[in-house]
């Protein structure tokens, strides 16, 4: 329908020949009536009559001169008494514009869905007369006008069968406006707007609630920023006064003094604002500039084609679920296309793989698996947690070994703390709880160890190991004044001093849980000091949960005098308050958590040197103070936090009420889905590809806002995940026109993503049943295997930095491209894994095999080529997911490789099976159908000692070289580029 | 998709080729061409008053240093230093080959921005590190062109750093990763290279795709090159692994093997808001120990005169102790050290600060202190280093301009 209308308009334009008639009235001109047409091609008697007022010749109207255009619609009887919407579009230089309700002509895509009326719900009588516009056209050119109307709720348009043509010729510029713009561009735009205001008054900036939102430097920024100021003045009583008042530090301007009163900048700005105000008063003439407001002209996202939906399913299953899609999920998509994809995604977002996705996603943003940071604040020796102290004492008194205490108890506890935050987020997401609970949950996630130490209220059964986390509350926390040290007992065991007994005097203190904000590891990751005063915690809270990058706002030279200011600059110096006015109240909200990340209410967390300065200076501290007097009080933006004990709980509630929380949440998960972080706003207009970067950033922000709106409504982040996967940002596969597409140039859209080390590890384990590890680890404690311990992780985890991942400590950025080092690690693992994977799989009955369900070792190219090819096909589809011609090519190639290996292996003094690195140990699930005692150490049923393979002839026998050849096939697939890129 | 045709593949396999799939000969970088650039990053903001811009207390001021209660500023040649930590050994060892640049205004006291400004030359994200810029300029095709072991190593999109602690590099450089017969092994890699190449060719209008599969193709072709590290290791059996400086050793060996041109090293522990002296001392000792090791080991490898070392930090620390009387907070004036054997610019100091660590301006022509002179910024330092390293004027220099109006050629 859309294209019909556009084509109709265009065709008519091409064929039409405007017929002019001349009216007798002075300063006006009427065109001949124009018959109407309807989009449903039915007949109509309606006609349109255009009249120009204040001009006599439509072919030579001077630019910037006033005229108006009116339409008289003589209606067909069928439309009388209907309520309709009126539309006006104009074609200028092959670009369509449409008149909106504000009386402005804005760019129109030509899509029916993008039609907007300039007058809505108009009651039709026999003849309708309406003024379309009155104003000045500044851009010379040939304008072709069409008008239409459509009854409310009816998609049928009645429109002019031909346009009227108005020619605007060059005229005198609108001096006043041009002069103002020139003055603004030269004296205000750069020195004030760009250098001062735009630090905060910009999309994504700190002044997110201000009506004054400017844009950074580009070819149209001066015009647009001036327009922003004009609109503010026009829509605010005493708008000029308000702007000047705030800029000079009044009106509780969060940015402080930017233009001191009577400074040169202030006076210059004031003069310009006065000029704008005066002109606004005297001139109410509308000016139509027909200037584009965006840098790029085309919607380049539309040029990107999506991949087939089955391919999307496969990739989504790998990324979200760490597995292949199930048969049922494939069927959903096969039957119902994209709707089926939605249901399949619901299925994928369950079980272990999705759980791992969430844990990894949280870790990749918060970097909490940092043992050093956790150890520094670990609670095992802290008397505030008698439960942990008792566990500590029980262990060392039994073992009499400090070394074992550190290695077997503390090391076992570290993952429990490291993963508590991730487990909290997983619990919320997997149970479809409101996503805001990540900051407001009045509980935390504990495993059996931390539950015992914290005195938690969760219950665990004997067969639940350390990897099981449950919601629980800290019920065993005591403040220093609730413990009687004189009645405690300290002992020394193996040169280690520990408490054998702690005497508590009161009931434990209520611990004010507030989701991630009160998580000990989150606090440890962003530590505080006497002078930092929680500012680092506040900075990262803003970044992760409020989409405010405070450090990003400092990417500008800071005044040297301000940097050396010693008069409490965070409170008094404008160069500093611009950020600290926002930052410090949130920092203050952390006031009840000290440097060891422990809860210390009522001023107990205040630094002792603030209370009693060592340099002899006078303290500001007064008895009963709970916060520093030379810092701002707790709060968030304009909201004060008055509850002195539960400040973080209050902060959490305030944060989740902010729209920015939902935007921040979308950005938090963006890298987990798309494999790269969301774009940052480009800062310097002189940078290479600035315009392209800006365009890509703006479009991406629009999509992020759309997702944020969805999350705000549904509160379920899974809905966001689905939309992300279904979007062109995930599904984009090819670009139809190889033009300078900003999205393709600036993001990884339409390309694949390198799987991170954890994703690869899970992929290898899923497909082969094995996890590659360099050396065995003892990981049993009290009879329960510590499945959860990081030491049990394989080579892909241990080498995660080399493989492009991070280590949550010194290396935090992920690399997306393959280096020679990565390649060598991949090749090592691919070779190591392929041999035992083959050996074990063929040792199992065919029906229970993971890999070779279609062939036996007796199947050779001579007697079973079909079965072998079918097996290769299935393995190829599972390992690298090729399809169509690509798949056939891969199968043929692999079959050749297989044949060659079978034929030539006899010439080698050692086959692939012989050369298995049988001294390399692997972890893996117990083989079904094979007696594990033949292969395993008795203390870990999942540990497989490969050196025992040789003792079992049925496993190692490979007389016909079939197993060796299958090992080569697996090696091929495991080292294929499409195995590591998804 | 472009595939190797069946006939040639069979011929390849039948011929039992044992040579690497694609022979890529890299020009020998050492000893004829460019230096190895090593950048040591003191992360967290070092206390230069206790290092290369030493300050003694004077009556009118607050206490700037505690070491000066007992000692006074020492000189190593023309270079003053603080008698603190292991500074004496360090400056005495290197002063002849060292240029100290003091009084550089970092224009920020935010760590993240300070690091970026210090090591890229620009006060905003998006620019590559000096090491990445250097490697891209002179060795972009090298298998390990730029090695990073932590710290700021952004590439600005011009190449991919290899991030490693060094041990991984050696562990997987060994030729013996190959388990299967060479013919089959090489044949498989050849096919994968063909696949990657076809992806690059088929989807050339998508830059990310070209980068991804291009990097895969390069890695296939370069993976065997890493074996040269083992050759170097075997050629110098007296140089042992297993210590804290393995990453430095690997970087030197990689250069010696013609595989790399630059490396970054990050040393933490400098953000001493509490216990400044107690924490700065071991942090500085660790840093200077690493630099000493780099110089000594370069000598053992016969490349001592082929190494350029740059040392810097986010900014520095206040010329006073905070209320705890033990810690120091952020101070925006910083310093750099540049070390090169037999350098013409050695045994000298450029720039200075007052007794209160306030920046003094410098005459760009004769480097004297001059009230009308230049305010030294990291851009000036980077501009001159770029010129010295042969980056100035090339396409990467143009892509990431420093927009410096006044140059100061302190390395001539």
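The values are calculated or read from the model by the stated rules, or taken from the named source; none is laboratory data. Because the structure is predicted, anything quoted here is derived from the model rather than measured. Positions of Cβ are generated from backbone atoms using ideal geometry, with glycine treated the same way; all protein chains shown enter the neighbour counts.
Kindly check whether there is at least one residue in the range A:604-618 that is more than 30 Å from residue B:401 (Cα to Cα) and under 29 Å from the mean Cα position of the chain (by Cα).
The initial filter retains those residues of the range A:604-618 that are more than 30 Å from residue B:401 (Cα to Cα), namely A:604-618.
Filter once more, keeping what is under 29 Å from the mean Cα position of the chain (by Cα): none.
No, because not a single residue in the range A:604-618 is more than 30 Å from residue B:401 (Cα to Cα) and under 29 Å from the mean Cα position of the chain (by Cα).
How many of the residues making up the range B:237-279 are part of a loop (DSSP other than H, G, I, E, B) and closer than 30 Å to residue A:527 by Cβ?
Qualifying residue count for the region: 11.
What is the residue count in the range A:112-142 for residues that are loosely packed, with under 13 Cβ neighbours inside 10 Å, within 44 Å of the chain's Cα centre (by Cα) and outside any strand (DSSP E or B)?
Matching residues across the range A:112-142 total 1.
From the list A:761, A:765, exactly one residue is away from every other protein chain (no Cβ under 12 Å), in contact with a strand residue (DSSP E or B) (Cβ under 7 Å, 6 or more places away or on another chain), surrounded by 22 or more Cβ atoms within 10 Å (Cβ to Cβ) and modelled with pLDDT of 85 or more. Which is it?
A:761
Would you confirm, using the coordinates I've provided, whether residue B:401 is touching a strand residue (DSSP E or B) at 6+ places or on another chain (Cβ under 6 Å), at pLDDT below 95 and surrounded by 14 or more Cβ atoms within 10 Å (Cβ to Cβ)?
For residue B:401, the condition - touching a strand residue (DSSP E or B) at 6+ places or on another chain (Cβ under 6 Å), at pLDDT below 95 and surrounded by 14 or more Cβ atoms within 10 Å (Cβ to Cβ) - is not met.
Show me the strands (runs of 3 or more DSSP E) entirely contained within the range A:413-503 in which 2 or more residues are under 26 Å from residue A:645 (Cβ atoms).
In the range A:413-503, the matching strands (runs of 3 or more DSSP E) lie at A:444-446, A:470-472.
Tally the residues that are in a helix (DSSP H, G or I), within 14 Å of chain B (Cβ to nearest Cβ) and under 13 Å from the mean Cα position of the chain (by Cα), restricting the search to the range A:658-701.
2
Among the residues that make up the range A:587-599, is at least one of them at the interface with chain B (Cβ under 9 Å from one of its Cβ atoms), free of Cβ contacts under 8 Å to residues at least 60 places away in the same chain and more than 25 Å from residue B:315 (Cα to Cα)?
no
If we scan the range A:620-636, do we find a residue that is assigned to a helix (DSSP H, G or I) and either away from chain B (no Cβ under 14 Å) or modelled with pLDDT of 85 or more (or both)? Spell out the reasoning first.
Restricting attention to the range A:620-636, the residues satisfying the condition of being assigned to a helix (DSSP H, G or I) are none.
Taking every residue of the range A:620-636 in turn, none turns out to be assigned to a helix (DSSP H, G or I) and either away from chain B (no Cβ under 14 Å) or modelled with pLDDT of 85 or more (or both).
Filter the range A:856-881 for residues that are assigned to a loop (DSSP other than H, G, I, E, B) and free of Cβ contacts under 8 Å to residues at least 60 places away in the same chain; which is nearest to residue A:764 (Cα to Cα)?
This residue is A:856.
Checking the structure you have, find out if any residue of the range A:522-536 is closer than 29 Å to residue A:249 by Cβ and not in a loop (DSSP other than H, G, I, E, B).
Yes: one or more hits.
Looking for whichever is away from every other protein chain (no Cβ under 14 Å), within 23 Å of the chain's Cα centre (by Cα) and within 26 Å of residue B:134 (Cβ to Cβ) here; the options are B:267, B:255. Which one fits?
That would be B:255, the only listed residue that is away from every other protein chain (no Cβ under 14 Å), within 23 Å of the chain's Cα centre (by Cα) and within 26 Å of residue B:134 (Cβ to Cβ).
If you take the residues in the range A:546-565 that are surrounded by 18 or more Cβ atoms within 10 Å (Cβ to Cβ) and more than 33 Å from the chain's Cα centre (by Cα), which one is nearest to the other protein chains (Cβ to nearest Cβ)?
Ranking the qualifying residues of the range A:546-565, first place goes to A:563.
If residue B:67 satisfies every condition in (1) farther than 24 Å from residue B:330 by Cα; (2) surrounded by 17 or more Cβ atoms within 10 Å (Cβ to Cβ) but one, which is the exception?
(1)
Of B:189, B:170, B:142, which residue is part of a loop (DSSP other than H, G, I, E, B), farther than 30 Å from residue A:303 by Cβ and more than 7 Å from every other protein chain (Cβ to nearest Cβ)?
Only one candidate passes the filter, namely B:142.
Take the range B:192-212 and flag every residue that is touching a strand residue (DSSP E or B) at 6+ places or on another chain (Cβ under 8 Å) and either closer than 21 Å to residue A:979 by Cα or more than 7 Å from every other protein chain (Cβ to nearest Cβ) (or both).
Hits for the range B:192-212 are B:203, B:206, B:212.
When both residues are 6+ apart or on different chains and their Cβ atoms are under 9 Å apart, which pairs have a first residue that lies in the range B:316-328 and is within 7 Å of chain A (Cβ to nearest Cβ), and a second that is in a strand (DSSP E or B)?
Taking only residues 6 or more apart or on different chains, the pairs are B:327/B:317.
On the basis of being closer than 16 Å to residue A:645 by Cβ and touching a residue at least 24 places away in the same chain (Cβ under 8 Å), does residue A:511 make the cut? Walk me through it before giving the result.
Working: closer than 16 Å to residue A:645 by Cβ: yes; touching a residue at least 24 places away in the same chain (Cβ under 8 Å): yes.
For residue A:511, the condition - closer than 16 Å to residue A:645 by Cβ and touching a residue at least 24 places away in the same chain (Cβ under 8 Å) - is met.
It is to be established whether one or more residues within the range B:307-315 are crowded, with 22+ Cβ neighbours inside 10 Å and within 11 Å of chain A (Cβ to nearest Cβ).
Checked against the condition, which is being crowded, with 22+ Cβ neighbours inside 10 Å and within 11 Å of chain A (Cβ to nearest Cβ), the range B:307-315 yields at least one hit.
Being touching a helix residue (DSSP H, G or I) at 6+ places or on another chain (Cβ under 7 Å) and closer than 30 Å to residue B:287 by Cα, is that true of even one residue in the range B:218-226?
yes
Hey, any hits in the range A:566-574 for a residue that's within 14 Å of another protein chain (Cβ to nearest Cβ), surrounded by 19 or more Cβ atoms within 10 Å (Cβ to Cβ), within 33 Å of the chain's Cα centre (by Cα) and touching a residue at least 60 places away in the same chain (Cβ under 8 Å)?
yes
Would you check which residues across the range B:362-381 are surrounded by 17 or more Cβ atoms within 10 Å (Cβ to Cβ) and either under 20 Å from residue A:562 (Cβ atoms) or within 12 Å of chain A (Cβ to nearest Cβ) (or both) and list them?
B:376, B:377, B:378, B:379 - these are the residues of the range B:362-381 that are surrounded by 17 or more Cβ atoms within 10 Å (Cβ to Cβ) and either under 20 Å from residue A:562 (Cβ atoms) or within 12 Å of chain A (Cβ to nearest Cβ) (or both).
Among the residues of the range B:331-363, how many are assigned to a strand (DSSP E or B) and at positive phi?
0
With respect to the numbered conditions (1) under 26 Å from residue B:377 (Cα atoms); (2) more than 14 Å from chain B (Cβ to nearest Cβ); (3) in a loop (DSSP other than H, G, I, E, B), which one is the sole condition not fulfilled by residue A:577?
Just one mismatch for residue A:577, condition (3).
Taking residue B:151 as meeting all but one of (1) facing chain A (nearest Cβ under 9 Å); (2) in contact (Cβ under 8 Å) with a residue 40 or more places away in the chain; (3) closer than 19 Å to residue A:822 by Cβ; (4) surrounded by fewer than 23 Cβ atoms within 10 Å (Cβ to Cβ), write down the number of the exception.
Result: residue B:151 passes all but (3).
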